[in-house]
Amino acid sequence: MVLCRVNSLNNLLMTRISTHARNVSTTRLSGDNTQDKVKGKYDIIIAGGGMVGCTLACAMGKNSLLSKLKILLLEGSPDKKFVLKPEYSNRVVALNQNTKSLMNSIDVWPHVENMRLQPVRHMQVWDACSEALISFSSSDILDDDVAYIVENDVLLEAINKELKSNAIQNVDIVYGAKIAGYDSPKALGREMRNLVKMENGDCYSCDLLIGADGVNSKVRQSMGVQYVSWDYDQMGVVATLHLAEECENTTAWQRFLPSGPVALLPLNSTTSSLVWSMGTAQAKHVLSLSDESFVDELNDALWKQYPRSSAVDACVSWVGAALRRAGLPDGAQRQLPPSVRAAAPASRAAFPLGFGHSARYVAPARALVGDAAHRVHPLAGQGVNLGFGDVKDLTQFLSDALYAGLDITHPSPLEKYESGRQRHNVPTQLASDALCRLYSLQLVPAVLARSVGLQLTNALHPIKKMIMSHATT
Amino acid sequence: MKNHSLTYLKMFLSRNLSSQGYKCPSRAFATLNNKTAIKETTIDQSHVDKHSKIAKEWWDPNGKMIALHSYNLLRVPYIRDGLVIEEPFKRTLTPLSNKKILDVGCGGGILSEAIARLGANVTGIDASSELIELASDHCKLDPKLVDNRPSYHCTTIEEHSQSFPDHYDAVVASEVIEHVANKELFVSSLVRAVKPGGKLFVTTPNRTRPMQILGICVAEHILRVVPVNTHDYEMFITPNELTFLLEKNNCHVQAIHGMMYYPVVNRWTWSSSTTFMYALQAEKLTDEDSNV
């Protein structure tokens, strides 16, 4: 025991000394060599020019106070010229009203509208193992569209169009940026500055470093924060689908199968986008199928009757009858999803699904936004909306800090951002996780609980409203 | 309204009379040109000494003055919004530019620097020469203040307001009046320094028993988040007394907000109750206003 303690003390001492030694060496380095190579000094560097990173840069460029700062956006991929093709891309996002209002406030939404988007006015979610279903409709809840389906490419192009327009003067963008590493503020001695080192030897310094660099965020790793994560051992299979019949197509459909949820998101009157979660092995099989057998398999997933427990059926119909007697919606007015005629050629793809939560979203002079801070199962269509919520809050708090005369690296706005966002994001992530687990079970009690729960939620307007308002803010 | 002022008057008189009994330092003796003159002052030397003693720790954000640093998050926006109202999309980094602000009892300059960062032309005065020296040295450290450093003077408000009457857009006395001996002279001097139509901002603890227990006994002696003997309960002033003094000096009190401090998390918040601390905003009336 004592030995052990001495040992650990020794270790501690050693690390102290070695950190100290590193301190000295880095300071010296920055003193003679690095200083010359610093290519640019910025107030804020955003690492990662995906949808969330670009939106953050755009929102900062549009804010009356943050637009006085020098901002650098580092994006790993090259600058591609975007051409809107007639065929739809297979990667889409469902944007909620909160995201729409953010995009409107930074003048990005009109660009999206000029390209293409599809409003979702109804949503129907149902269980393959029972009769239970829930439906959301724009008319009875928000009096506005439930969500908007936008292709990732289109949204990114809309944001970039605004970002590169003359309305934003303070943001520099480096494409094809390969980041070699980040120097932590401590290693640089008293000056609380971040150094971003590029693989080509360039070096940028900034006061505040923001990681918008996705699930495997390097910025998060450099912050040394605890990251809780697990894989669902599932993949999301995506594809662009042609429907059998032309229809209004403003409904988003989701059916919970024991293997995972399958969702059809509307793109236009004859086209929908597929997001189909399933076990990794099954996903590989589905990807290898011919187009025709893929469509057959998919129609099965949407239509096939699964073995049902008579006890669950009895309970569900009894609860339905009770709700009907009480004058509440019993969920019997089921709408039928469209059948799929064909999948667009070469539109099939799959990506792994997982859960991730960074215990801290901020560290001194650093912050995380979007997938770098949180990752969620796509079944509720919340992932990117949570990221855009981060953007809105971070911009707001940093701008308030500047207006109060504080530095952008002051702990107060960063802590406010962290606690505010975690209070919203973590419950959403956990709810999605719980739903995913609950619906993967085929045990009778679990099926019964979720079926009755879904029926009651569908019947009780206030609860439904609460869910919707959480999902849209 | 008349009834109210009458009550204030009665309260104030009784308070003032009773305080005369045990607060002798309200008259200090100063030697001028070989003849001893009795000169009225607001300075309580023991309080000045107490604050000078901890000069070194003044600017350590986690040191003895930790609460004053986090206090800026509340009082700087309070002063800013009391002086200017800007639409969210038209905000600038220096909302207080062209405003002349006097920080009375500036100490090490924690508040003065914060206001100067918002573009204001800040003058800080304090009775302690050590603290004025500290404040003058420290403001050179912040690169953002290069063009707009506050100017600091070791003087008293009664002297300063003689030289600069009707001069400032705003006069701030944050956590000062509870250290002041002659409150009546202090308030009238504050008002003299403000331009007609200008603003006064005062923050101070309230003289209530809960404040005595939590603010002095617990905060100073048990938790030690405030240096021991910083505050003297008998020198605290209530919002009513302060309002009375200001209105007597031709000011209109516009708002009184309660404040609360949470030591464990080191955070200040606005509160609906003025039991513990309060912030007061007043406007000096112009001649036309007072005639109406």
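What the table below lists for this structure:
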item	result
Of all accessible heavy-atom area on the protein assembly as shown, the percent that carbon and sulfur account for (1.4 Å)	55
Options B:222, B:181, B:45, ranked by Cα towards positive dipole end of the range B:43-291, top entry (Cβ charges)	B:222
Protein-protein interface of the range B:102-121, residues with accessible area decrease of at least 20 Å², isolated chain reference, 1.4 Å probe	B:117, B:118
Most to least accessible of B:138, B:252 (protein chains only, probe 1.4 Å)	B:252, B:138
Residue-level accessible surface for residue A:197, protein heavy atoms, 1.4 Å, Å²	60
Structure-based [θ]222 nm, chain A - -39500 (n - 2.57) summed over DSSP H runs of at least 4, per residue, nearest 500	-13000 deg cm²/dmol
Cα gyration tensor shape for the range B:86-162, rounded if a/c is under 1.5, else prolate or oblate	oblate
Listed residues A:157, B:57, A:113 arranged by accessible area, highest first, probe 1.4 Å	A:113, B:57, A:157
Accessible area buried, both sides summed, chains B and A with 1.4 Å probe, Å²	1200
Bridge type composition, the range B:43-291 - antiparallel percent by DSSP, nearest 5	55
With all protein chains modelled, accessible area of residue A:300 [1.4 Å, Å²]	80
Relative contact order computed over chain A (Cα-Cα under 8 Å; 6+ residues apart), in percent	20
Solvent-accessible heavy-atom area per residue, rounded to whole Å², over the protein assembly as shown at 1.4 Å	47
Partner aspartates and glutamates for residue A:416 [C-alpha distance under 14 Å; skip if fewer than 8 residues away on the same chain]	A:390, A:393, A:400
Between 0 and 90°, nearest 10: helix A:461-471 axis offset from chain A longest Cα axis	30
Selected from A:349, A:431, B:262, residue furthest toward positive end of dipole (the protein assembly as shown; charges at beta carbon)	B:262
Dipole of the range B:43-291 [Lys/Arg +1, Asp/Glu -1 at C-beta], most positive-end residue of B:286, B:120, B:105	B:120
Pairs from B:140/B:284; A:39/A:161; A:178/B:90 whose Cα-Cα separation, in the structure shown, is over 28 Å	B:140/B:284; A:178/B:90
Relative contact order, percent, the range B:154-292 [alpha-carbon distance under 8 Å, six or more residues apart]	27
Simple Cβ-charge dipole of the range A:304-397, Lys/Arg +1 and Asp/Glu -1, about Cα centre, in debye nearest 20	260
Antiparallel %, DSSP beta bridges [both residues in the protein assembly as shown], to 5	65
Ranked order, B:93, A:265 - accessible area, probe 1.4 Å, largest first	B:93, A:265
Å³ per residue enclosed by the Cα convex hull of the range B:43-291	128
Prolate/oblate/rounded label for chain A (Cα gyration tensor, a/c 1.5)	prolate
Residue A:341 accessible area, 1.4 Å probe, all protein chains in place, Å² to nearest 10	150
Minimum 20 Å² accessible area buried by the other protein chains, the range B:65-83 residues, probe 1.4 Å, relative to alone	B:73, B:80
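The values are calculated or read from the model by the stated rules, or taken from the named source; none is laboratory data. Because the structure is predicted, anything quoted here is derived from the model rather than measured. Don't worry about glycine lacking a Cβ; one is built from the backbone with ideal geometry, like all the others, and counts go over all protein chains shown. Areas reflect the complete protein model, heavy atoms only, side chains present, ligands, DNA and RNA absent. Shrake-Rupley method; radii C 1.70, N 1.55, O 1.52, S 1.80 Å.
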